[in-house]
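**Student:** Just passing along the structure, written as structure tokens.
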Amino acid sequence: MKTFLVKVQGVVQGVGFRPFIYNLAKKLNLPGEVKNTSSGVEITVNTKNKKEVAKFIEIIKTDAPLLSHIVDIQCKEIEFKHFDEFKIIKSESKNDITFVSPDAALCKKCENELFNPNDRRYLYPFINCINCGPRYSIVKEIPYDRENTTMSIFKMCKECEEEYNSVVNRRFHAQPNCCSICGPNVYTKNNKGFDAIKEVAKVVNDGGIIALKGLGGYHLICDATNDEAIKKLRIHKKREYKPFAVMIKDLNILTDKYKLKLSNTEKLIITSPQSPILIVNWPNHPLSEYVNPLNNRLGIMITYTPLHKLLLNFINTDFIVATSGNLRDEPIAIDEESAEKTLQFVDLFLHHNRPIHNRVDDSVATVINNQIYILRRARGFAPYPIMLKKSLNKVVLGVGTHLKNTISLGVKNYIFPSQYVGDLDNIKSIKFFEETIDKIQKLFKSKADLIITDLHPDYYTSKYASKINKPQISLQHHVAHFFSVMAENGIEDNCIGIIFDGLGLGCDKKIWGGEVFTFCNGILERYTHIDYSLQIGNASSKKPFLMTISYLKKYNLLNENTLLLKKIYNIDDNEISFINSLLDKKLNCIETSSMGRLFEAVGSLLSGVKENEFEGHTAIILESIAEQSNDMEDHYKISIDDTIKLKNLIRGVIEDLKKGTQKEIIARKFHNSIANMILNICIKIRDEKNLTNVALSGGVFQNIILTKKTVNLLNNAGFKVALHQKLPPNDGGISAGQVYYYYLKTNKKLDGKFEKFW
Amino acid sequence: MKIVTKSIGSGGAGTNKFINEEIVKRFSNDKLNKLRDASLIEISSPILISTDSFTIYPEFFPGGDIGKLSVFGTCNDIAVSGGIPEYLSFSLVLPDGYDWNKLEKILDSTKKAADLVGVEIVTGDTKVVDGITTPIINTTGIGKLRKDLNDYSNIKLGDKVIITSDIARHSVSILLTRGDLGFEGDIESDCCNLYDVIKGLDYDKVSFCRDATRGGVAAVLNEITSKIKFGFYLHESKIPISDNVKYFCEMIGMNPLQMANEGVAVLIVDSDYANDAVNIIRESENGRKAEIVGEVINENMVLLKTEVGGERVVDIPVGELLPRIC
Ligand SMILES: [Fe+3]
Ligand SMILES: [Mg+2]
Ligand SMILES: [Zn+2]
Ligand SMILES: [Zn+2]
């Protein structure tokens, strides 16, 4: 007999890992013990020989509980110790970090019980087990024990408590364990429980709108095939174009009933415990055109709570709109009072009495290169950490940016990015931001020693940081984007960063957004960028046609094309000459290298849409137009010397437009041009600096056509491409990048002038 | 063309001639006319005193010029502090070679403005220098206090916020004249005498008053917010602004709440007096567009209920205006 110490690192707490080890050891007849430690789980086990322990570890890797996330397993032989049997022992950790699992979608076993008339939880909307149910949304403090969750107000009945205490039960230490006798329940103003669900289902069937309290907040729900219902919802949400997410009962609806072809990766993602909203391409879908008036893409998720499952069971249609329960620009409602106050237009509310502690939106994802690509990171992913190779020397708080805000807390070997917070123009979002900072520090029992902000002094995050009496570093926006994608790919040096984005303040006090960085032997440089053009304050971000005029003017194409502009935008000479003179006098103008502005301008030129309803609106239009044509190789030439010159590109688009070339072709050629330009720059850099890793980040890489094309070209040319998979390419990733920058700066060599010390 | 030369600021005969013919004759009153080293005035205490130097390019703009501005600017500071402007000093720094006709125009409008407010210009100075292209004027005003309207501690929860006229007009008018922007529709500066706008109010029911000059309404309210524990809740739909000013601001991406005015006061008044106050203000020539735009709230921030329904934070840019919309 020998004794081995097996250390498992990762998210292995609160996910049924110890009972899993216990049951496995029992099955294999191995005596020993298991306990939680600082960074995971420690197993001491007696086996006959090394081979036997290796087999034990193999099974751990393959059969680990659904919600666990193993980063590393290490095994070494230690001095022999005698054990009579296998035991779970109390953890002795003191100041150590304990992980909290993200919320998880209803598991298959629970789903079967939910619809089994003989089960004691038959049709009970809060059924859960160690493999599924609420986690992050209900945790107030660690350790993750029932009394530290919002379930503490419900006392388990005898039967539930027995399950909870039985090591062999699927509900052993499942903190939110409950049943209809002892747990939370749903209600409308008229009905309770099951009847309440039937009542709201009828409202939806009759074309009404309901607000339903779900897992991380309220959903606004209506029939996704009913034009009138959706139109009404659009009026109240003040959204004419922004796509709504839809929900379906299960995957078969798509694959069997509607014969929609999904890749294996897509199927895996949409049915995963994270159950994000998956963006899929579905031309001629059977839903109302008002669900997404922009293009053929639908954001679809599968019912991930028992409550949603039950609801869909009573709904006649296969598809419901399930969009966040908020007014435009506000965070989603999480409690009854604020929901009733802000969502007065709905026909009926379905509330429940399990409080939501952490607000979590639905996550949004798609697939690129056969891997998940996150566009909004919230439910199911927060607060999973990003692991670092070495420990941070301080607790570091990245406060992110002003729009699409997230925050990140760096503690020891981990960066914990928060869930999606939102745009900090709004007072409710600001409160949510400040609340999230408090809660995440409390949750991981760590107070920030250092704050990292964006260079932009008018971001609310910067103003917040200036109120806090702590050391601060301000980091350039696009450097933070670059570091976010390096962080999650574990890259510590030698990488090209292609950061294409809407807007961030640069170190030269100009607006950046079309940036190429090199990070080579510890030295970070802005290698090149898009040639500066003028943007008129915030107006150009809201009105992309102003940017169109600015580009035409810059490249001396304005005079010869005023007729074209007048036709496309339905504007008169006065307006053009007014904008022309604003640019001449540089009134409230600032130079920008933004790639986002370029996409918007071209999208606006091809569609005639002058104003963005939401961030990137006309850029999305451009992508939608391109999608209507087949992939091809045609592109416009973009010359690169000290900066990236857009003249040929702009002229090419205009000439094609005048020639009457199909817009679908122009849009496709435009995407190709940017991808080819990236390739050419990377080749140039490889020749000069021998760098072969390329990281892509920034809001522009939410564009799937561009990202796919770029990855393709780069891969074919022998580059290794680092893409986002855990963090979004948009500003939601910035906070993690801010922390990672500090990590590399203190743990490795890192030179470059992209920050400001206060 | 007759031009300004250094002789009128040198202290010699040229100066005497200028003072007598252009200043004393024009601004004539028994204190000034004595041409003492220091004018003797009588005033009941307590008094308010305020000073400001004016430099603006161009010095003539639709709705006013630097002369008018230099009188109203200083007198308005006294008025919104709760005083009645009575006396004014008037100091000119002129560019060498400046067009004499323009100077006379400025002096005429200074006189007109002073008469409108009812202040006497009782002392002054003239210098002529190189290196500037437009005049610089300094004025110091003295006024009798009616009631202190600049005491932050008077502001209480529930008080209403009144804006006395449509906003951002001065800023936009200056930008337009400066820029030759080919913008249709003339926009005049709102430069006016604010005492006339607020004088009819019952000052006991006014908690606070300030004119929304540089930084606009946003700067005033944020400044107050930094001094008290309350904040403000504004309704975008109530904020007076003319259509063409609004369009212009949208096209250049500027927030009208952050833009300068020269004839707009922000008043904080007892809530039950707000309707009466607005009606009184509207009777004055430059207060016809007055509106109750919001109220004092418990949150220590300036919030704006926007037309799309959200509640945005109204802040002031830290430095230069940098765009931040992605
Ligand atoms: Fe960004
Ligand atoms: Mg002053
Ligand atoms: Zn389950
Ligand atoms: Zn129970």
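**Student:** Hey, rough spin-label estimate for A:THR265 and A:GLN344, points 7 angstrom out along Cα→Cβ, what's it come to in nanometres?
**Tutor:** Modelled inter-label distance: 4.7 nm.
**Student:** Okay, next question. Mind computing the radius of gyration and Dmax over the alpha-carbon atoms of chain B? Å is fine for both.
**Tutor:** 20.8, 67
**Student:** Kirkwood-based Rg over Rh for segment B:28-126 (C-alpha set), two decimals?
**Tutor:** Rounded to two decimals, Rg over Rh is 0.97.
**Student:** Could you please state, rounded to a whole Å, how far the C-alpha centre of segment A:512-573 is from the C-alpha centre of segment A:281-348?
**Tutor:** 36
**Student:** In terms of the Cα gyration tensor, with a ≥ b ≥ c the square roots of its eigenvalues, is segment B:163-268 rounded because a/c is under 1.5, prolate because a/b exceeds b/c, or oblate?
**Tutor:** prolate
**Student:** Just checking the output field for B:239-252: average partner chain Cβ neighbours within 10 Å of each residue's Cβ?
**Tutor:** Going residue by residue through B:239-252 and averaging, the value is 2.
**Student:** Also: Please compute, for the alpha-carbon atoms of segment A:188-364, the extent along each of the three principal axes and give them in descending order in Å.
**Tutor:** Principal axes ranked by extent give 42, 31, 30 Å for the Cα atoms.
**Student:** When the Kirkwood radius is taken over all Cα pairs of segment A:2-88, what Stokes-Einstein diffusion coefficient follows at 37 °C and 0.692 mPa s, in µm²/s?
**Tutor:** Details: Rh = 12.6 Å.
It comes out at roughly 260 µm²/s.
**Student:** Name the residue farthest towards the positive end of the dipole of chain B from the options B:ASN222, B:LEU88, B:LEU40, assuming +1 on Cβ of Lys and Arg, -1 on Cβ of Asp and Glu, about the Cα centre.
**Tutor:** Selected residue: B:LEU40.
**Student:** State the Kirkwood hydrodynamic radius of segment A:266-320 in Å, one decimal place, computed from all pairs of distinct Cα atoms.
**Tutor:** Evaluated over segment A:266-320, this radius sits at 12.4 Å.
**Student:** Does a label point 7 Å from the Cα of B:LYS205, set along Cα-to-beta-carbon, have any residues of segment B:150-180 with amide nitrogen under 13 Å, and which are they?
**Tutor:** B:160
**Student:** How many percent of DSSP beta bridges within the protein assembly as shown run antiparallel, rounded to 5?
**Tutor:** Rounded to the nearest five, the antiparallel share is 75 percent.
**Student:** Mind checking how much accessible area A and B bury in total, 1.4 Å probe, in Å² rounded to 100? Mind dumping the intermediate values first?
**Tutor:** Values: alone 29820 and 15680 Å², together 41920 Å².
Interface area, both chains combined: 3600 Å², rounded to the nearest 100.
**Student:** Hey, another quick one. Among B:61-68, A:387-394, A:228-235, how do they line up from the highest to the lowest mean number of other beta-carbon atoms within 10 Å?
**Tutor:** B:61-68, A:228-235, A:387-394
**Student:** Here is a further query. How big is the Kirkwood radius of segment B:134-202, worked out from every pair of different alpha carbons and given in Å to one decimal?
**Tutor:** Here the Kirkwood hydrodynamic radius works out to 16.1 Å.
**Student:** Also, quick follow-up: For an R0 of 45 angstrom, estimate the FRET efficiency from the Cβ-Cβ distance between A:ASN574 and A:ARG686 and round to the nearest 0.05.
**Tutor:** According to the calculation, E is roughly 0.35.
**Student:** Relative contact order, percent, of chain A when contacts are C-alpha pairs under 8 Å separated by at least 6 residues?
**Tutor:** 12 percent.
**Student:** Using just the helices of the protein assembly as shown, give the 222 nm mean residue ellipticity in deg cm²/dmol: DSSP H runs with n ≥ 4 each add -39,500 (n - 2.57), and the total is spread over all residues, rounded to 500.
**Tutor:** -9500 deg cm²/dmol
**Student:** Is there a quick way to get the dipole size of segment B:152-313? I mean about its Cα centre, with the Cβ of Lys and Arg at +1 and of Asp and Glu at -1; what is the value in debye to the nearest 20? Intermediate values should be presented prior to the final figure.
**Tutor:** Details: 17 positive and 26 negative charges, 98 e Å.
Here the size comes out at about 460 debye.
**Student:** Between A:ALA322 and residues 5 or more places away or on another chain, which pairs have amide H atoms under 5 Å apart, with H built 1.01 Å from N, and which residues are they?
**Tutor:** A:ALA245, A:VAL246, A:MET247
**Student:** Is segment A:660-711 rounded, prolate or oblate when judged by the Cα gyration tensor, a ≥ b ≥ c being the square roots of its eigenvalues, rounded requiring a/c under 1.5 and prolate requiring a/b larger than b/c?
**Tutor:** Numbers: a/c = 3.88, a/b = 1.86, b/c = 2.09.
Oblate, because a/c is 1.5 or more while a/b does not exceed b/c.
**Student:** For segment B:104-247, rounded, prolate or oblate, judged on the Cα gyration tensor with a ≥ b ≥ c (square roots of eigenvalues), a/c < 1.5 rounded, else prolate if a/b > b/c? Each step should come with its number before you reach the end.
**Tutor:** Details: a/c = 2.00, a/b = 1.25, b/c = 1.60.
The shape class here is oblate.
**Student:** Roughly to the nearest percent, how much of the accessible area of chain B is carbon and sulfur, given a 1.4 Å probe? Intermediate results must be reported in sequence, preceding the final value.
**Tutor:** On the way: 6650 of 13840 Å².
Carbon with sulfur: 48 percent of the solvent-accessible area.
**Student:** Additional query: Near B:ASN150, within a Cβ-to-Cβ distance under 14 Å, what is the net charge of the other residues, with Lys and Arg +1 and Asp and Glu -1?
**Tutor:** Around B:ASN150, the surrounding residues sum to -1.
**Student:** Next question. Hey, if you drop one equal point scatterer on each alpha-carbon of segment A:562-678 and run the Debye formula without solvent, what base-10 log of I(q)/I(0) do you get at q = 0.18 Å⁻¹?
**Tutor:** -1.06
**Student:** A follow-up question, please. From the phi of every residue in segment A:620-631, what ³J(HN,Hα) in whole Hz does the Karplus formula 6.51 cos²θ - 1.76 cosθ + 1.60 yield, where θ is phi - 60° and glycine or proline is x?
**Tutor:** Per residue, the Karplus-derived 3J(HN,Hα) values read 5, 4, 4, 5, 5, 5, 4, 4, 6, 10, 7, 4 Hz.
**Student:** Something else: With a 1.4 Å probe and every protein chain left in place, work out the accessible area per residue of the protein assembly as shown in Å², rounded to a whole number.
**Tutor:** 39
**Student:** Of all DSSP beta bridges located in chain B, what percent are antiparallel, nearest 5?
**Tutor:** On the way: 41 of 54 bridges.
Close to 75 percent.
**Student:** Determine how many Å³ per residue the convex hull of the Cα atoms of the protein assembly as shown encloses.
**Tutor:** Cα convex hull per residue, to the nearest whole number: 200 Å³.
**Student:** How would you rank B:124-135, A:415-426, highest first, on the average number of other Cβ atoms within 10 Å across their residues?
**Tutor:** Highest to lowest by the protection proxy: A:415-426, B:124-135.
**Student:** Please sort A:189-197, B:195-203, A:82-90 by packing, taking for each peptide the average over its residues of neighbouring beta carbons within 10 angstrom, highest first.
**Tutor:** For the peptides A:189-197, B:195-203, A:82-90, the packing ranking is B:195-203, A:189-197, A:82-90.
**Student:** Averaged over every viewing direction, what's the projected area of the C-alpha convex hull for segment A:208-290? Give it in nm², one decimal, please.
**Tutor:** Computing the convex hull of the Cα atoms and averaging its projections yields 6.1 nm².
**Student:** Pairs to check: A:LYS428/A:LYS542; A:LYS404/A:LYS470; A:LYS35/A:LYS87; A:LYS390/A:LYS412; A:LYS543/A:LYS566. Give those whose C-alpha atoms are more than 19 Å from each other in this structure.
**Tutor:** Numbers: A:LYS428/A:LYS542 22 Å; A:LYS404/A:LYS470 24 Å; A:LYS35/A:LYS87 9 Å; A:LYS390/A:LYS412 8 Å; A:LYS543/A:LYS566 15 Å.
Result: A:LYS428/A:LYS542; A:LYS404/A:LYS470 exceed 19 Å.
**Student:** Can you give the average number of partner chain beta-carbon atoms within 10 Å of each beta-carbon in peptide B:176-183, as a whole number?
**Tutor:** 5
**Student:** How large is the charge dipole for segment A:326-441, taken about the Cα centre, if only the Cβ atoms of Lys, Arg (+1) and Asp, Glu (-1) carry charge, to the nearest 20 debye?
**Tutor:** Computed about the Cα centre, the dipole is about 860 debye.
**Student:** Tell me, what is the FRET efficiency for B:ASN29 and B:LYS147 to the nearest 0.05, using R0 = 22 angstrom and their Cβ-Cβ distance as r?
**Tutor:** The formula returns an efficiency of 0.25 here.
**Student:** Using a 10 Å cut-off around each Cβ of peptide B:310-316, what is the average number of partner chain Cβ atoms that fall inside? Before the final figure, lay out each step's value.
**Tutor:** Values: counts 12, 9, 8, 8, 1, 4, 1.
Mean inter-chain Cβ contacts per residue within 10 Å come to 6.
**Student:** Further, regarding this structure: Treating only the Cβ atoms of Lys and Arg (+1) and Asp and Glu (-1) as charged, compute the dipole magnitude of segment A:533-722 about its Cα centre; round to the nearest 20 debye.
**Tutor:** On the way: 25 positive and 22 negative charges, 54 e Å.
The calculation lands at about 260 debye.
The values are calculated or read from the model by the stated rules, or taken from the named source; none is laboratory data. Predicted model only: the values in this text are computed from it and were never measured. Ideal geometry is used to build each Cβ from the backbone, glycine not excepted, and the neighbour counts take in all protein chains shown. Calculation scope for accessible area: heavy atoms of the full protein, side chains included, ligands and nucleic acids excluded. Shrake-Rupley method; radii C 1.70, N 1.55, O 1.52, S 1.80 Å.
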